[in-house]
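Accompanying notes for the structure given below.
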Amino acid sequence: MLAITESAQSAIKSAIDGAGQPVAGLRVMVQGGGCAGLQYGMALELEIQSDDAVIEAGPVKVLVDPESQAHLAGTTIDFVSGLEGSGFVFNNPNASSSCGCGKSFC
């Protein structure tokens, strides 16, 4: 379903470790909105929902709700650092187009 690079796993682990409370995993979702119609979202979750897909990637768990699963199938999530900042990058083969910010697609 999803591939999580080692760099992204490390960034997710750092976020979970810094949460200050027990975290079940990182939720990755697709929501309506953004420049191109759909946008990626991420949030630390305290509980796993019964209908979540749970992807174990190294030391972390990534949670995906049923509505987002089809949009994210085959996606690779990476974490990059560069001159313009750092952040998560989604390489999604299902996106027919994306906007310049890299956070939304259709």
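Which of the residues that make up segment 1-42 are surrounded by fewer than 13 Cβ atoms within 10 Å (Cβ to Cβ), small (Gly, Ala, Ser) and closer than 26 Å to Gly82 by Cβ?
Ser14, Gly18, Ala19, Gly33
Can you name the strands (runs of 3 or more DSSP E) wholly within segment 21-97 that have at least 3 residues being over 16 Å from Ser10 (Cβ atoms), within 14 Å of the chain's Cα centre (by Cα) and at pLDDT below 90?
On the way: elements: 25-32, 38-45, 53-57, 60-64, 75-82, 85-91.
Counting at least 3 such residues, we get no strands (runs of 3 or more DSSP E) at all.
Quick one: in segment 1-20, which of the residues that are assigned to a loop (DSSP other than H, G, I, E, B) and without any contact (Cβ under 8 Å) to a residue 12 or more places away in the chain is nearest to Val89 (Cα to Cα)?
At the first step, the residues of segment 1-20 found to be assigned to a loop (DSSP other than H, G, I, E, B) are 1, 5, 18-20.
Keeping just the survivors that are without any contact (Cβ under 8 Å) to a residue 12 or more places away in the chain gives 18, 20.
On the way: Gly18: 21, Gly20: 25 Å.
Across segment 1-20, the extreme among qualifying residues is Gly18.
Report the residue count in segment 43-58 for those that are closer than 18 Å to Gly74 by Cβ and among the aliphatic types (A, V, I, L, M).
Quick first cut of segment 43-58, residues closer than 18 Å to Gly74 by Cβ only: 53-57.
If we keep only those that are among the aliphatic types (A, V, I, L, M) as well, we get 53-55, 57.
Matching residues across segment 43-58 total 4.
The values are calculated or read from the model by the stated rules, or taken from the named source; none is laboratory data. Please read these numbers as outputs of a predicted model, since none were measured by experiment. Heads up, the Cβs are rebuilt from the backbone with ideal geometry, glycines too, and the neighbour counts pull from every protein chain shown.
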